[in-house]
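Colleague: Could you have a look at this structure, given as structure tokens, before my questions?
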Amino acid sequence: MFRTPPLPPLGKHVAKQRKGQHLSLEELASRCGVSKAMLSQVETGKVNPTVAVVWKIAHGLGVSVQSLLEGTREEARLEVMRPEQYALLDEGDGCEIHVISPIHTAGEIELYLVRIDKDASLDSRPHFPGAEEFTTVLSGTVEIQAGKLTETVKEGETACYNADIDHSIANVGKTPARLYMVLRYARS
């Protein structure tokens, strides 16, 4: 026989998040549009709030509904991406991109290992508004252009630039360039 698991201790999770952010009930009520009395009842487990109320509380705390339902995980997490698990993106001649971040981080933060052959470039259209890229040159020399700005970046240097505009990375060195790239999307 199938048994439904017990309801999560939502109230305890809300209280823990609120106190962790050093918010009073009144401050959270102001942020999320749920009355102080209702928040108090949710935290003490006296009411079973609607999905709409949970949604408002989550957004007032700046967390996901899932994290309110599940709470914070106390156990450690360790995930290793092995080279054979990396996705390879085809970006045309002279450019190889390996996605080295787990799939669940897509759209939030993405990690890449990039190889650009001599005289080749990686040209990118704008990503979502507010997106940024951080590129560390592991070997070689590249020229990074973001909009009308251009900088030469050498081995060991890191560039940070807007990725919500046209941008490119061109290998201007004499050998293939190897890069470590982080794409961070704006928080919504």
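The values are calculated or read from the model by the stated rules, or taken from the named source; none is laboratory data. Computed from a prediction, not measured in an experiment: that's the story for all the values here. Neighbour counts run over all protein chains shown; Cβ positions are idealised from the backbone, glycine included.
Colleague: Got a number for residues in the stretch 87-120 being charged (D, E, K, R) and modelled with pLDDT of 90 or more?
Modeller: Summing the residues that are charged (D, E, K, R) and modelled with pLDDT of 90 or more in the stretch 87-120 gives 6.
Colleague: In the stretch 82-101, what residues are loosely packed, with under 15 Cβ neighbours inside 10 Å and assigned to a strand (DSSP E or B)?
Modeller: Residues satisfying the conditions are Ala87, Leu88, Leu89, Asp90.
Colleague: Answer yes or no as to whether Gly60 is in contact with a Lys or Arg (Cβ under 7 Å, 6 or more places away or on another chain), surrounded by 14 or more Cβ atoms within 10 Å (Cβ to Cβ) and not hydrophobic (A, V, I, L, M, F, W, C).
Modeller: So Gly60 passes the test.
Colleague: Got a sec? Which of Ala159, Ala120, Ala146, Ala131 is in the same structural domain as Ala87 (by TED's automatic domain parsing) and in contact with a Pro (Cβ under 9 Å, 6 or more places away or on another chain)?
Modeller: Ala120
Colleague: Quick one: Val114 ticks every box in (1) over 14 Å from Met181 (Cα atoms); (2) touching a residue at least 60 places away in the same chain (Cβ under 8 Å) bar one, so which box is it?
Modeller: With (1) over 14 Å from Met181 (Cα atoms); (2) touching a residue at least 60 places away in the same chain (Cβ under 8 Å) applied to Val114, the lone miss is (1).
Colleague: Further, regarding this structure: Looking only at the stretch 1-8, decide whether some residue is β-branched (Val, Ile, Thr), modelled with pLDDT of 90 or more and not in a helix (DSSP H, G or I).
Modeller: no
Colleague: Please work out which residue is nearest to Arg115 (Cα to Cα), limiting yourself to the stretch 167-188 and to residues that are within 26 Å of the chain's Cα centre (by Cα) and surrounded by fewer than 14 Cβ atoms within 10 Å (Cβ to Cβ).
Modeller: Among residues in the stretch 167-188 that are within 26 Å of the chain's Cα centre (by Cα) and surrounded by fewer than 14 Cβ atoms within 10 Å (Cβ to Cβ), the one nearest to Arg115 (Cα to Cα) is Ala186.
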